[in-house]
Structure formats: C-alpha cells, structure tokens
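K.L.:
Input: one structure, supplied below.
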Amino acid sequence: ENYVFATSTSDRMTGNVCGIHSNALTVYDINNSDNYNFDTSIYMEDPRGIARSFNTLYVADYKTGICVFDLTDQINAPFLVNIVDRTQSNLECLVNENKLYVMQETGFSIFDITTPLFPQKLSQTNFR
C-alpha cells in the first residue's frame, strides 16, 4: 500500500503548468521515504479528480467517464475494469462510506459503490 496516485492533465496547445504535454494517471512508489520512485503512467483522455476506496481507484475523466481501476495486484499497474457515466463532463470525485460523489460541469452524481468495481448511479442533479 505504499503507492501514491496522481493525475495530470495538459492543455493540448500549451501543456500543463509544468510544461508537460501529458494526460495520465501516474503511480509513484513511496516504499523508500528517501527516494520516491516513478512507477508507471497510464495514459487517459482528460483525467481530473481521483478518489480511492480500499483496492479501488476512481478517476473522473472529463471526456471518457468515471474510470474504475482495480488495485488488488500491487505488483502490476492498476487494471482498468470499468467505465461508467460516459455522458458527463466529470471534474472531481470523492468517496464517503459506500458512496462515490462525482462533480460534473453541469451538476453532480451519486453512485452506490457497495460493489466497488461496478458503481451504480443512484441520482443525478443538474445545476440551475
């Protein structure tokens, strides 16, 4: 469990703040506190928010949907299991107990994650 996950999103024309032209979920190995190591990158369309619940990682991808990764195998890269809510412009996500809350450009959605790899949408609310 000594891994940190981060997303990076670049503007197609100018890159991100660091000047990197990359849209990815990046995994860092932090087993050695003196030297954190880059482990792997998984390229995505437009990753934004990220949330973790035990062995499941949720990434709010603006263009693709909510990408659900299985983290059970700590030796290999996270495994993409599922993509849900493909029609929304997803910006951010967070987990609280058995619920996944996803902020979108036009509102937010709530998912039941009792079965973590297969979220079920409970509701969606649009901003007025």
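K.L.:
Considering only strands (runs of 3 or more DSSP E) fully contained in the range 21-60, which possess at least 2 residues that are among the β-branched types (Val, Ile, Thr)? Walk me through it before giving the result.
P.N.:
Numbers: elements: 24-29, 37-43, 47-53.
The strands (runs of 3 or more DSSP E) meeting that bar are 24-29, 37-43.
K.L.:
Name the single residue, out of those in the range 61-84 being part of a strand (DSSP E or B) and among the charged types (D, E, K, R), that is nearest to the chain's Cα centre (by Cα). Outline the logic, then answer.
P.N.:
If we filter the range 61-84 for residues that are part of a strand (DSSP E or B), which is where we start, we get 61, 65-70, 79-84.
Narrowing the set further to residues that are among the charged types (D, E, K, R) leaves 61, 70.
Working: Asp61: 7, Asp70: 11 Å.
Restricting to residues being part of a strand (DSSP E or B) and among the charged types (D, E, K, R), the top hit is Asp61.
K.L.:
Among residues belonging to the range 72-96 that are among the charged types (D, E, K, R) and closer than 26 Å to Asp29 by Cα, point out the one that is least open to solvent (accessible area, probe 1.4 Å).
P.N.:
My answer is Asp73.
K.L.:
Which one of the conditions (1) part of a loop (DSSP other than H, G, I, E, B); (2) under 22 Å from Ala6 (Cβ atoms) does Thr87 fail to meet, given that it meets all the rest?
P.N.:
(2)
K.L.:
Would you check if Phe69 is loosely packed, with under 15 Cβ neighbours inside 10 Å and among the aromatic types (Phe, Trp, Tyr)?
P.N.:
No, not satisfied.
K.L.:
Can you pull out every residue in the range 114-128 that is free of Cβ contacts under 8 Å to residues at least 12 places away in the same chain, under 20 Å from the mean Cα position of the chain (by Cα) and open to solvent by 90 Å² or more (accessible area, probe 1.4 Å)?
P.N.:
Gln120
K.L.:
Please work out which one of (1) in contact (Cβ under 8 Å) with a residue 24 or more places away in the chain; (2) open to solvent by 80 Å² or more (accessible area, probe 1.4 Å) is the condition Tyr62 fails and give its number.
P.N.:
Unmet condition: (2).
K.L.:
Further question: Restricting to the range 85-115, name every residue that is touching a Leu at 6+ places or on another chain (Cβ under 9 Å), closer than 16 Å to Thr56 by Cβ and of a type outside the set (D, E, K, R).
P.N.:
Listed by number, the residues that qualify are Cys93, Leu94, Leu100, Tyr101, Val102, Phe111, Ile113.
The values are calculated or read from the model by the stated rules, or taken from the named source; none is laboratory data. Keep in mind the model is a prediction, meaning the values are calculated, not measured. Every residue, glycine as well, gets a Cβ built from its backbone with ideal geometry; the counts of neighbours run over all protein chains shown. Heads up: the accessible areas ignore ligands, DNA and RNA and are worked out on the full protein's heavy atoms, side chains in. Shrake-Rupley method; radii C 1.70, N 1.55, O 1.52, S 1.80 Å.
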